[in-house]
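Peer 1: Questions regarding the structure given below will be posed in turn.
The values are calculated or read from the model by the stated rules, or taken from the named source; none is laboratory data. Since this is a predicted model, take the numbers as computed values, not measurements. For neighbour counting, all protein chains shown are included, and Cβ atoms are generated from backbone atoms with ideal geometry for every residue, glycine included. In case anyone asks, the SASA skips ligands and DNA or RNA and just uses the protein heavy atoms, side chains included. Shrake-Rupley method; radii C 1.70, N 1.55, O 1.52, S 1.80 Å.
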Amino acid sequence: MKIALLTCRDFIIPGGAERLEIDIARALDATIVCLSVDSHFFQVYPISQEVHFHQLKKKLPDEPLKQLFGMNMFRNVSLPYDFFIVMDDMALRYLVHKVFHVYYMHTPRRVFYDMYYPSINELSGIKKPLMISILNLFRFLDQRFVKKYVTNIACNSHNTRNRIWKTYQRDAKVLYPPVHLNEYHNFEYGDFWLSVTRVDKWKRIELQIETFRLLPSKKLIVAGKIYPRYEKIVNSAPKNVIFLNTVSDERLFQLYSTCRGFITTAIDEDFGITPLEAMASGKPVVAVKEGGYLETVVDGMTGLLVGPEPEEIASAIRKIDENPEEFASNCVHRAELFDYHIFKDQLITYVRTCIENQNI
(Lines give C-alpha, C1' and ligand atoms only; values in the text may rest on other atoms or scores of the structure.)
Protein backbone atom coordinates (compact mmCIF):
# COMPACT_ATOMS: atom_id res chain seq x y z
CA MET A 1 0.00 0.00 0.00
CA LYS A 2 1.30 3.44 -0.96
CA ILE A 3 0.74 6.04 1.77
CA ALA A 4 1.10 9.79 1.23
CA LEU A 5 1.29 12.61 3.74
CA LEU A 6 -0.27 15.80 2.31
CA THR A 7 0.92 19.20 3.46
CA CYS A 8 0.68 22.63 1.84
CA ARG A 9 4.20 23.50 2.99
CA ASP A 10 7.61 24.54 1.72
CA PHE A 11 10.28 22.64 3.68
CA ILE A 12 12.88 25.32 4.37
CA ILE A 13 13.53 25.36 8.13
CA PRO A 14 12.93 22.29 10.35
CA GLY A 15 10.34 23.66 12.75
CA GLY A 16 8.06 21.60 14.97
CA ALA A 17 5.46 20.93 12.26
CA GLU A 18 8.08 19.88 9.71
CA ARG A 19 9.71 17.51 12.19
CA LEU A 20 6.38 15.91 13.07
CA GLU A 21 5.53 15.37 9.40
CA ILE A 22 8.89 13.72 8.81
CA ASP A 23 8.39 11.52 11.90
CA ILE A 24 4.98 10.42 10.59
CA ALA A 25 6.38 9.69 7.14
CA ARG A 26 9.25 7.65 8.58
CA ALA A 27 6.93 5.67 10.86
CA LEU A 28 4.57 4.76 8.00
CA ASP A 29 7.11 4.64 5.17
CA ALA A 30 5.00 7.35 3.55
CA THR A 31 5.80 9.88 0.85
CA ILE A 32 5.47 13.56 1.78
CA VAL A 33 3.53 15.51 -0.84
CA CYS A 34 4.38 19.18 -0.40
CA LEU A 35 4.95 22.40 -2.32
CA SER A 36 8.75 22.21 -2.37
CA VAL A 37 11.86 21.25 -0.40
CA ASP A 38 14.85 23.56 -0.18
CA SER A 39 18.07 21.66 -0.90
CA HIS A 40 19.58 23.17 2.26
CA PHE A 41 16.85 21.51 4.34
CA PHE A 42 18.43 18.07 3.93
CA GLN A 43 21.72 19.42 5.25
CA VAL A 44 20.34 21.16 8.34
CA TYR A 45 18.00 18.25 9.14
CA PRO A 46 19.77 15.08 7.91
CA ILE A 47 17.07 12.67 9.12
CA SER A 48 14.84 14.09 6.36
CA GLN A 49 17.03 12.25 3.84
CA GLU A 50 15.30 9.03 4.95
CA VAL A 51 11.98 10.30 3.55
CA HIS A 52 10.81 10.45 -0.05
CA PHE A 53 9.28 13.79 -1.08
CA HIS A 54 6.80 14.33 -3.90
CA GLN A 55 7.24 18.02 -4.68
CA LEU A 56 4.36 19.74 -6.44
CA LYS A 57 6.74 22.61 -7.23
CA LYS A 58 4.04 25.23 -6.90
CA LYS A 59 4.55 28.79 -5.70
CA LEU A 60 1.60 30.17 -3.77
CA PRO A 61 0.97 33.84 -2.88
CA ASP A 62 1.27 35.07 0.69
CA GLU A 63 -1.66 35.02 3.11
CA PRO A 64 -4.57 35.59 2.91
CA LEU A 65 -4.60 34.48 -0.74
CA LYS A 66 -2.41 31.47 0.03
CA GLN A 67 -5.38 29.80 1.71
CA LEU A 68 -7.56 30.05 -1.39
CA PHE A 69 -4.87 29.10 -3.89
CA GLY A 70 -3.69 26.18 -1.72
CA MET A 71 -7.20 24.76 -1.40
CA ASN A 72 -7.79 25.05 -5.13
CA MET A 73 -4.47 23.39 -5.94
CA PHE A 74 -5.22 20.31 -3.82
CA ARG A 75 -8.75 20.07 -5.20
CA ASN A 76 -7.35 19.68 -8.68
CA VAL A 77 -4.15 17.67 -8.25
CA SER A 78 -4.08 13.93 -9.04
CA LEU A 79 -1.95 11.69 -6.80
CA PRO A 80 -1.12 7.96 -7.21
CA TYR A 81 -1.47 6.80 -3.59
CA ASP A 82 -3.81 4.47 -1.70
CA PHE A 83 -4.08 6.12 1.72
CA PHE A 84 -3.56 9.74 2.81
CA ILE A 85 -2.48 11.47 6.02
CA VAL A 86 -3.69 15.07 5.69
CA MET A 87 -1.87 17.67 7.79
CA ASP A 88 -3.57 21.02 7.12
CA ASP A 89 -6.84 22.52 5.95
CA MET A 90 -5.50 23.45 2.52
CA ALA A 91 -4.31 19.91 1.74
CA LEU A 92 -7.62 18.73 3.23
CA ARG A 93 -9.35 19.80 0.00
CA TYR A 94 -7.86 16.75 -1.72
CA LEU A 95 -10.54 14.73 0.07
CA VAL A 96 -13.09 15.83 -2.55
CA HIS A 97 -11.70 12.80 -4.40
CA LYS A 98 -13.28 10.55 -1.72
CA VAL A 99 -10.00 8.81 -0.85
CA PHE A 100 -9.13 6.74 2.24
CA HIS A 101 -7.54 9.00 4.80
CA VAL A 102 -6.78 10.34 8.28
CA TYR A 103 -6.88 14.06 9.00
CA TYR A 104 -4.20 14.83 11.63
CA MET A 105 -5.33 18.15 13.04
CA HIS A 106 -3.01 20.44 14.99
CA THR A 107 -6.07 22.56 15.80
CA PRO A 108 -9.15 23.94 14.07
CA ARG A 109 -7.94 27.18 12.46
CA ARG A 110 -7.85 29.43 15.49
CA VAL A 111 -8.73 32.70 13.80
CA PHE A 112 -12.06 31.09 12.78
CA TYR A 113 -12.90 29.77 16.24
CA ASP A 114 -11.29 30.21 19.67
CA MET A 115 -9.20 33.27 18.66
CA TYR A 116 -11.94 34.82 16.51
CA TYR A 117 -12.76 37.74 18.81
CA PRO A 118 -9.17 38.68 19.75
CA SER A 119 -8.30 38.70 16.02
CA ILE A 120 -11.30 40.88 15.15
CA ASN A 121 -10.55 43.31 17.98
CA GLU A 122 -7.13 44.05 16.48
CA LEU A 123 -8.83 45.67 13.47
CA SER A 124 -10.53 49.03 13.05
CA GLY A 125 -12.52 50.95 10.47
CA ILE A 126 -13.82 49.17 7.39
CA LYS A 127 -11.37 46.29 7.94
CA LYS A 128 -13.35 44.98 10.93
CA PRO A 129 -16.77 44.36 9.27
CA LEU A 130 -15.03 43.11 6.13
CA MET A 131 -12.96 40.60 8.11
CA ILE A 132 -16.02 39.49 10.11
CA SER A 133 -17.83 38.64 6.86
CA ILE A 134 -14.83 36.78 5.45
CA LEU A 135 -14.16 34.77 8.60
CA ASN A 136 -17.81 33.84 9.03
CA LEU A 137 -17.95 32.56 5.45
CA PHE A 138 -14.76 30.55 5.81
CA ARG A 139 -15.93 29.11 9.12
CA PHE A 140 -19.18 27.94 7.53
CA LEU A 141 -17.35 26.39 4.57
CA ASP A 142 -14.80 24.71 6.86
CA GLN A 143 -17.46 23.08 9.04
CA ARG A 144 -19.47 21.94 6.03
CA PHE A 145 -16.41 20.42 4.35
CA VAL A 146 -15.32 18.46 7.43
CA LYS A 147 -18.83 17.13 7.94
CA LYS A 148 -19.12 16.00 4.32
CA TYR A 149 -15.68 14.61 3.51
CA VAL A 150 -13.65 13.78 6.64
CA THR A 151 -13.91 10.23 7.98
CA ASN A 152 -11.06 9.81 10.50
CA ILE A 153 -9.57 12.55 12.67
CA ALA A 154 -6.43 12.36 14.79
CA CYS A 155 -4.90 15.24 16.75
CA ASN A 156 -1.93 16.29 18.86
CA SER A 157 -3.50 16.63 22.34
CA HIS A 158 -6.65 16.31 24.40
CA ASN A 159 -6.77 20.11 24.38
CA THR A 160 -7.09 20.01 20.60
CA ARG A 161 -9.50 17.06 20.83
CA ASN A 162 -11.82 19.22 22.94
CA ARG A 163 -11.61 22.04 20.38
CA ILE A 164 -12.47 19.60 17.59
CA TRP A 165 -15.52 18.41 19.49
CA LYS A 166 -16.71 21.98 20.13
CA THR A 167 -16.10 22.97 16.50
CA TYR A 168 -17.25 19.93 14.53
CA GLN A 169 -18.97 17.67 17.09
CA ARG A 170 -16.53 14.96 16.02
CA ASP A 171 -14.29 12.75 18.12
CA ALA A 172 -10.56 12.48 17.44
CA LYS A 173 -7.75 10.07 18.30
CA VAL A 174 -4.98 11.71 20.35
CA LEU A 175 -1.49 10.93 19.05
CA TYR A 176 1.01 13.08 20.93
CA PRO A 177 3.91 14.44 18.84
CA PRO A 178 7.12 12.68 19.86
CA VAL A 179 10.54 13.60 21.18
CA HIS A 180 13.70 11.75 20.22
CA LEU A 181 15.18 11.18 23.66
CA ASN A 182 18.62 10.16 22.40
CA GLU A 183 19.17 13.67 21.02
CA TYR A 184 18.89 15.45 24.39
CA HIS A 185 21.45 15.66 27.19
CA ASN A 186 21.97 17.45 30.49
CA PHE A 187 25.48 18.84 30.65
CA GLU A 188 25.04 21.52 33.32
CA TYR A 189 22.72 24.07 34.91
CA GLY A 190 24.18 27.26 33.50
CA ASP A 191 23.51 30.92 34.19
CA PHE A 192 20.47 31.44 31.92
CA TRP A 193 16.84 30.44 31.44
CA LEU A 194 15.67 29.41 27.99
CA SER A 195 12.63 30.08 25.82
CA VAL A 196 12.28 28.43 22.40
CA THR A 197 9.46 30.12 20.52
CA ARG A 198 8.36 32.12 17.53
CA VAL A 199 8.09 35.75 18.54
CA ASP A 200 4.51 36.47 17.46
CA LYS A 201 1.13 37.36 18.94
CA TRP A 202 0.24 33.80 19.98
CA LYS A 203 3.33 33.26 22.15
CA ARG A 204 2.94 36.20 24.55
CA ILE A 205 6.62 37.09 24.48
CA GLU A 206 5.71 40.28 26.34
CA LEU A 207 5.03 38.16 29.44
CA GLN A 208 8.54 36.76 29.33
CA ILE A 209 10.10 40.19 28.83
CA GLU A 210 8.19 41.70 31.75
CA THR A 211 8.99 38.69 33.94
CA PHE A 212 12.71 39.16 33.49
CA ARG A 213 12.37 42.87 33.95
CA LEU A 214 11.39 41.85 37.48
CA LEU A 215 14.44 39.56 37.66
CA PRO A 216 17.37 41.81 36.68
CA SER A 217 19.94 39.42 38.18
CA LYS A 218 18.79 36.50 36.00
CA LYS A 219 19.18 36.02 32.24
CA LEU A 220 16.74 34.79 29.58
CA ILE A 221 17.74 33.59 26.12
CA VAL A 222 14.96 33.43 23.50
CA ALA A 223 15.60 31.28 20.42
CA GLY A 224 13.13 31.49 17.55
CA LYS A 225 12.01 33.47 14.52
CA ILE A 226 11.16 37.11 15.20
CA TYR A 227 8.19 38.37 13.21
CA PRO A 228 8.64 41.94 11.84
CA ARG A 229 5.82 43.56 13.83
CA TYR A 230 7.47 42.39 17.07
CA GLU A 231 10.91 43.84 16.41
CA LYS A 232 10.01 47.00 18.34
CA ILE A 233 9.04 44.95 21.41
CA VAL A 234 12.25 42.92 21.13
CA ASN A 235 14.34 46.08 20.90
CA SER A 236 12.71 47.47 24.05
CA ALA A 237 13.54 44.39 26.15
CA PRO A 238 15.91 44.77 29.13
CA LYS A 239 19.56 43.79 28.70
CA ASN A 240 19.09 40.50 30.57
CA VAL A 241 16.75 39.23 27.78
CA ILE A 242 18.73 38.10 24.73
CA PHE A 243 17.08 37.21 21.40
CA LEU A 244 18.97 34.82 19.10
CA ASN A 245 16.39 34.53 16.30
CA THR A 246 16.39 31.12 14.52
CA VAL A 247 19.24 28.80 15.55
CA SER A 248 20.64 25.52 14.21
CA ASP A 249 19.72 22.17 15.75
CA GLU A 250 23.24 21.85 17.13
CA ARG A 251 22.96 25.21 18.86
CA LEU A 252 19.46 24.40 20.13
CA PHE A 253 20.55 21.12 21.71
CA GLN A 254 23.45 22.97 23.32
CA LEU A 255 21.06 25.56 24.78
CA TYR A 256 18.75 22.89 26.18
CA SER A 257 21.66 20.98 27.70
CA THR A 258 23.16 23.99 29.47
CA CYS A 259 20.18 26.14 30.49
CA ARG A 260 19.02 26.44 34.07
CA GLY A 261 15.35 26.01 33.29
CA PHE A 262 12.76 26.59 30.58
CA ILE A 263 9.89 29.07 30.26
CA THR A 264 6.90 28.99 27.90
CA THR A 265 3.84 31.27 27.78
CA ALA A 266 1.80 30.67 24.59
CA ILE A 267 -1.93 31.38 24.61
CA ASP A 268 -3.79 28.09 25.15
CA GLU A 269 -1.06 26.17 23.29
CA ASP A 270 -2.41 23.35 21.10
CA PHE A 271 0.19 20.93 22.49
CA GLY A 272 3.67 22.43 22.68
CA ILE A 273 6.66 20.18 22.04
CA THR A 274 9.33 22.50 23.50
CA PRO A 275 8.56 21.77 27.21
CA LEU A 276 9.09 18.07 26.46
CA GLU A 277 12.38 18.82 24.73
CA ALA A 278 13.48 20.73 27.82
CA MET A 279 12.36 17.91 30.14
CA ALA A 280 14.16 15.37 27.95
CA SER A 281 17.25 17.44 28.75
CA GLY A 282 16.51 17.16 32.47
CA LYS A 283 15.48 20.81 32.78
CA PRO A 284 12.48 22.06 34.80
CA VAL A 285 9.72 24.00 33.05
CA VAL A 286 7.75 27.06 34.10
CA ALA A 287 4.60 27.18 31.93
CA VAL A 288 1.33 29.03 31.99
CA LYS A 289 -1.47 26.91 33.43
CA GLU A 290 -3.46 26.36 30.23
CA GLY A 291 -3.66 24.45 26.96
CA GLY A 292 -1.40 21.54 26.09
CA TYR A 293 1.03 22.38 28.89
CA LEU A 294 -1.45 20.78 31.30
CA GLU A 295 -0.83 17.46 29.51
CA THR A 296 2.97 17.52 29.63
CA VAL A 297 4.19 19.53 32.62
CA VAL A 298 3.47 17.90 36.01
CA ASP A 299 3.12 20.72 38.51
CA GLY A 300 5.64 20.43 41.33
CA MET A 301 7.42 17.45 39.76
CA THR A 302 8.74 18.54 36.35
CA GLY A 303 8.35 22.25 36.95
CA LEU A 304 5.61 24.69 37.92
CA LEU A 305 2.35 25.72 36.27
CA VAL A 306 1.37 29.34 36.93
CA GLY A 307 -1.04 32.05 35.87
CA PRO A 308 -0.14 34.29 32.91
CA GLU A 309 1.15 37.11 35.10
CA PRO A 310 4.77 38.32 35.26
CA GLU A 311 4.77 38.27 39.07
CA GLU A 312 3.62 34.63 39.25
CA ILE A 313 6.09 33.52 36.58
CA ALA A 314 8.92 35.39 38.32
CA SER A 315 8.05 33.76 41.65
CA ALA A 316 8.15 30.29 40.07
CA ILE A 317 11.51 31.00 38.45
CA ARG A 318 12.97 32.18 41.76
CA LYS A 319 11.75 29.02 43.49
CA ILE A 320 13.10 26.60 40.88
CA ASP A 321 16.31 28.55 40.44
CA GLU A 322 17.37 27.67 43.99
CA ASN A 323 17.83 24.01 43.06
CA PRO A 324 16.86 23.07 39.47
CA GLU A 325 18.75 19.76 39.76
CA GLU A 326 16.04 18.27 41.99
CA PHE A 327 13.64 18.12 39.01
CA ALA A 328 16.02 16.32 36.62
CA SER A 329 14.98 12.70 37.18
CA ASN A 330 11.24 13.41 37.05
CA CYS A 331 11.68 15.51 33.91
CA VAL A 332 13.45 12.75 32.00
CA HIS A 333 11.00 10.06 33.14
CA ARG A 334 8.09 12.24 32.04
CA ALA A 335 9.64 12.84 28.60
CA GLU A 336 10.12 9.08 28.15
CA LEU A 337 6.33 8.70 27.89
CA PHE A 338 6.43 10.77 24.68
CA ASP A 339 9.35 8.97 22.98
CA TYR A 340 9.29 8.50 19.20
CA HIS A 341 9.10 4.70 19.44
CA ILE A 342 5.89 4.91 21.48
CA PHE A 343 4.43 7.38 18.98
CA LYS A 344 5.41 5.14 16.05
CA ASP A 345 3.69 2.08 17.54
CA GLN A 346 0.54 4.03 18.35
CA LEU A 347 0.43 5.63 14.89
CA ILE A 348 0.88 2.34 13.03
CA THR A 349 -1.84 0.69 15.13
CA TYR A 350 -4.26 3.56 14.54
CA VAL A 351 -3.68 3.73 10.78
CA ARG A 352 -4.03 -0.06 10.52
CA THR A 353 -7.38 0.19 12.33
CA CYS A 354 -8.54 2.95 9.98
CA ILE A 355 -7.56 0.87 6.94
CA GLU A 356 -9.36 -2.19 8.24
CA ASN A 357 -12.51 -0.20 9.00
CA GLN A 358 -12.49 1.25 5.49
CA ASN A 359 -12.00 -2.20 3.96
CA ILE A 360 -9.09 -1.26 1.71
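Peer 1: Which cross-chain or sequence-distant (5 or more) residues have an amide H under 5 Å from the amide H of I226, H modelled 1.01 Å from N in plane?
Peer 2: Residues meeting the criterion, in which the H sits 1.01 Å from N, are V199, T246.
Peer 1: Still on this structure, please answer the following. Under 5 Å between amide hydrogens, which residues at least 5 positions from K173 or on another chain qualify, with H placed 1.01 Å from N in the peptide plane?
Peer 2: I153, A154, C155
Peer 1: Pairs of Cα atoms under 8 Å, at least six residues apart: use those to get the relative contact order of the chain, whole percent.
Peer 2: 14 percent
Peer 1: Something else: Got a sec? What order do W165, W202, W193 fall in by accessible area at 1.4 Å, biggest, i.e. largest, first?
Peer 2: Numbers: W165 145, W202 60, W193 5 Å².
Listed by decreasing accessible area, they come as W165, W202, W193.
Peer 1: With the other protein chains left in place, how much accessible area per residue, in square angstrom, belongs to segment 274-360 at a 1.4 angstrom probe?
Peer 2: Details: 3810 Å² over 87 residues.
Counting only protein heavy atoms, the per-residue value for segment 274-360 is 44 Å².
Peer 1: Next up: In whole percent, and with a 1.4 Å probe on the protein chains, what portion of the accessible area of segment 1-55 is carbon and sulfur?
Peer 2: Details: 1050 of 2210 Å².
Carbon and sulfur together cover 48 percent of it.
Peer 1: Quantify, in whole percent, the carbon and sulfur part of the accessible surface of segment 143-182 (1.4 Å probe; protein heavy atoms only). Don't skip to the end; give the middle numbers.
Peer 2: Working: 900 of 2020 Å².
About 44 percent, which is the carbon plus sulfur part of the accessible surface.
Peer 1: Same structure again: Roughly how many Å² of H180 are accessible to a 1.4 Å probe, to the nearest 10?
Peer 2: For H180, solvent-accessible area is about 30 Å².
Peer 1: A further question follows. Using the Cα centre of the chain as the reference point, and only Cβ charges (+1 on K/R, -1 on D/E), how large is the resulting charge dipole? Debye, rounded to the nearest 20.
Peer 2: On the way: 44 positive and 43 negative charges, 325 e Å.
Computed about the Cα centre, the dipole is about 1560 debye.
Peer 1: Equivalent ellipsoid semi-axes for the chain, as square roots of 5 times the alpha carbon gyration tensor eigenvalues: give them largest first, rounded to whole Å. All intermediate terms of the calculation are to be shown ahead of the outcome.
Peer 2: Details: eigenvalues 235, 121, 74 Å².
In descending order the semi-axes read 34, 25, 19 Å.
Peer 1: Quick check on segment 153-213: take the gyration tensor over C-alpha atoms, sort the square-rooted eigenvalues as a ≥ b ≥ c, and tell me if it's rounded (a/c under 1.5), prolate or oblate. Don't skip to the end; give the middle numbers.
Peer 2: Numbers: a/c = 4.18, a/b = 1.54, b/c = 2.71.
Verdict is oblate for segment 153-213.
Peer 1: Follow-up question, since we're still on this one. Once phi is turned into θ = phi - 60°, what whole-Hz ³J(HN,Hα) does the Karplus curve with 6.51, -1.76 and 1.60 give for every residue of segment 125-137, x standing for Gly and Pro?
Peer 2: x, 5, 4, 5, x, 5, 5, 4, 5, 5, 5, 5, 5
Peer 1: Could you tell me the accessible area of F138 in Å² (1.4 Å probe, neighbours in place), rounded to the nearest ten?
Peer 2: Rounded to the nearest 10, that gives 40 Å².
Peer 1: Another question, then. What are the lysines whose alpha-carbon lies under 17 Å from the alpha-carbon of K283, with same-chain residues fewer than 8 places away excluded?
Peer 2: Within the straight-line cut-off, K283 pairs with K218, K219, K319.
Peer 1: Turning to a different aspect of this structure: What do you reckon, how do R213, R109 stack up by accessible area (1.4 Å probe), largest on top? Let's see the in-between values first.
Peer 2: On the way: R213 105, R109 75 Å².
So the residues, ranked largest to smallest area, are R213, R109.
Peer 1: Given DSSP loops and a limit of at most 15 other Cβ atoms within 10 Å, what is the longest stretch of the chain that contains no such GluC sites (Glu not before Pro)? Working shown, then result.
Peer 2: Numbers: sites that count: E122, E188, E322.
Between exposed loop sites, the widest span is 189-321.
Peer 1: Compute the Kirkwood hydrodynamic radius of segment 273-360, taking the inverse of the mean of 1/r over all pairs of distinct Cα atoms, and give it in Å to one decimal. Walk me through the numbers on the way to the answer.
Peer 2: Values: mean 1/r = 0.0690 Å⁻¹.
Computed over Cα pairs of segment 273-360, the Kirkwood hydrodynamic radius comes out at 14.5 Å.
Peer 1: Let me ask something else. Counting only residues 5 or more places away or on other chains, whose amide H sits under 5 Å from the amide H of L5 once H atoms are built in the peptide plane?
Peer 2: T31, I32, V33, I85
Peer 1: Let me ask you something else. Mind checking the alpha-carbon convex hull of segment 196-309 and giving the volume per residue in Å³? Provide the component values of the computation, followed by the final result.
Peer 2: Numbers: hull volume 11.1 nm³, N = 114.
It comes to 98 Å³ per residue, whole-number rounded.
Peer 1: Tell me, what ³J(HN,Hα) does each residue in segment 258-272 have, in order and in whole Hz, if you take phi through Karplus 6.51 cos²θ - 1.76 cosθ + 1.60 with θ = phi - 60° and put x for Gly and Pro?
Peer 2: 10, 6, 8, x, 10, 10, 8, 9, 4, 6, 6, 3, 3, 9, x
Peer 1: Something else now. Suppose every Lys and Arg Cβ carries +1 and every Asp and Glu Cβ carries -1, with no other charges. What dipole size does segment 103-165 come out with about its Cα centre, to the nearest 20 debye?
Peer 2: Numbers: 10 positive and 3 negative charges, 33 e Å.
Its charge dipole is roughly 160 debye.
Peer 1: In addition: Taking θ as phi - 60°, what are the ³J(HN,Hα) couplings along segment 341-354 by the Karplus curve (6.51, -1.76, 1.60), each to the nearest whole Hz, with x for Gly and Pro?
Peer 2: Once θ is set to phi - 60°, the couplings for segment 341-354 become 5, 5, 4, 4, 4, 5, 5, 4, 4, 5, 5, 4, 5, 4 Hz.
Peer 1: When all protein chains stay in place, what accessible area (Å², nearest 10, 1.4 Å probe) is found for K319?
Peer 2: For K319, solvent-accessible area is about 130 Å².
Peer 1: Further question: For segment 31-180, with every protein chain kept in place, what is the accessible area per residue (1.4 Å probe, Å²)? Before the final figure, lay out the partial values.
Peer 2: Values: 7730 Å² over 150 residues.
That works out to 52 Å² for each residue.
Peer 1: At a 1.4 Å probe, what is the % contribution of carbon and sulfur to the accessible area of segment 210-360? Working shown, then result.
Peer 2: Working: 3440 of 6860 Å².
Here it works out to 50 percent.
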